[in-house]
1. Hey, Thr43 hits all of (1) touching a strand residue (DSSP E or B) at 6+ places or on another chain (Cβ under 6 Å); (2) assigned to a loop (DSSP other than H, G, I, E, B); (3) open to solvent by 60 Å² or more (accessible area, probe 1.4 Å) but one; which does it fall short on?
2. Take the residues of the range 68-81 that are outside any loop (DSSP other than H, G, I, E, B) and not basic (Lys, Arg): which is farthest from Arg117 (Cα to Cα)?
3. Mind checking whether some residue in the range 115-123 is at pLDDT below 90 and open to solvent by 100 Å² or more (accessible area, probe 1.4 Å)?
4. I'd like to verify a number: residues in the range 47-60 that are over 16 Å from Ile91 (Cα atoms) and assigned to a strand (DSSP E or B), how many?
5. When the residues of the range 95-114 are filtered to those that are touching a residue at least 24 places away in the same chain (Cβ under 8 Å) and more than 13 Å from Val32 (Cα to Cα), which remaining residue is surrounded by the most Cβ atoms within 10 Å (Cβ to Cβ)?
6. For Gly7, only one of the following conditions fails: (1) among the small types (Gly, Ala, Ser); (2) part of a loop (DSSP other than H, G, I, E, B); (3) modelled with pLDDT under 85. What is its number?
Amino acid sequence: YLELLTGTKTEKKIEWKKGTRIEVDLGFASEVHELWANVLLETRYKKSSTLGLDGTTYQFSCFLRAIGSISGKTWSPSKELPPKWMVNIGILLRDYIDSEDTDRQRIEVEIASYSERIYQYLKINGKH
């Protein structure tokens, strides 16, 4: 299943609450999880912190058996590279939850297109 969590930002934290939950085809869910995991396994961490004044931080995570939770984040990605593509996939997954069946097929095709781009990029530039 996919579940959309909604966040409300208060002065000190973001409070998450459960939102919409839908059943998803196992094949589609497996493909998205595999993509998420492969990208997160390529996560690199900066040696120093940079703080931006304006933008959005996107956080990604997934659970892998025998490893546990893995995660990564990106701040307002603008270049046509995997971080931006992952943000786009995340937005498409949110739209997937809120859409009708006919739109879900179109969204699956869009996600598959991003997935192909990411795997091509990782084949050339990945470290694993």
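1. (3)
2. Taking the range 68-81 first, the residues outside any loop (DSSP other than H, G, I, E, B) are 68-75.
Add one more test, that the residue is not basic (Lys, Arg), and what stays is 68-72, 74-75.
Details: Gly68: 26, Ser69: 25, Ile70: 22, Ser71: 21, Gly72: 19, Thr74: 18, Trp75: 20 Å.
Among those that are outside any loop (DSSP other than H, G, I, E, B) and not basic (Lys, Arg), it is Gly68.
3. We begin by selecting, within the range 115-123, every residue at pLDDT below 90; these are none.
No, the range 115-123 contains no residue that is at pLDDT below 90 and open to solvent by 100 Å² or more (accessible area, probe 1.4 Å).
4. Residues meeting the conditions: 0.
5. Narrowing the range 95-114 to residues touching a residue at least 24 places away in the same chain (Cβ under 8 Å): 96-98, 108, 111-112, 114.
Subsequent filtering for residues that are more than 13 Å from Val32 (Cα to Cα) retains 97-98.
Working: Ile97: 17, Asp98: 12.
Restricting to residues being touching a residue at least 24 places away in the same chain (Cβ under 8 Å) and more than 13 Å from Val32 (Cα to Cα), the top hit is Ile97.
6. Failed condition: (2).
Every residue, every condition in (1) of a type in the set (A, V, I, L, M, F, W, C); (2) in a helix (DSSP H, G or I), yes or no:
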site	(1), (2)
Cys62	yes, no
Ala66	yes, no
Gly90	no, yes
Tyr96	no, yes
Leu122	yes, yes
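The values are calculated or read from the model by the stated rules, or taken from the named source; none is laboratory data. Just so it is clear, the model here is predicted, and its values are computed rather than measured. Every residue, glycine among them, receives a Cβ derived from its backbone with ideal geometry; neighbour counts consider all protein chains shown. These accessible areas exclude ligands, DNA and RNA; they are computed on the full protein's heavy atoms, side chains included. Shrake-Rupley method; radii C 1.70, N 1.55, O 1.52, S 1.80 Å.
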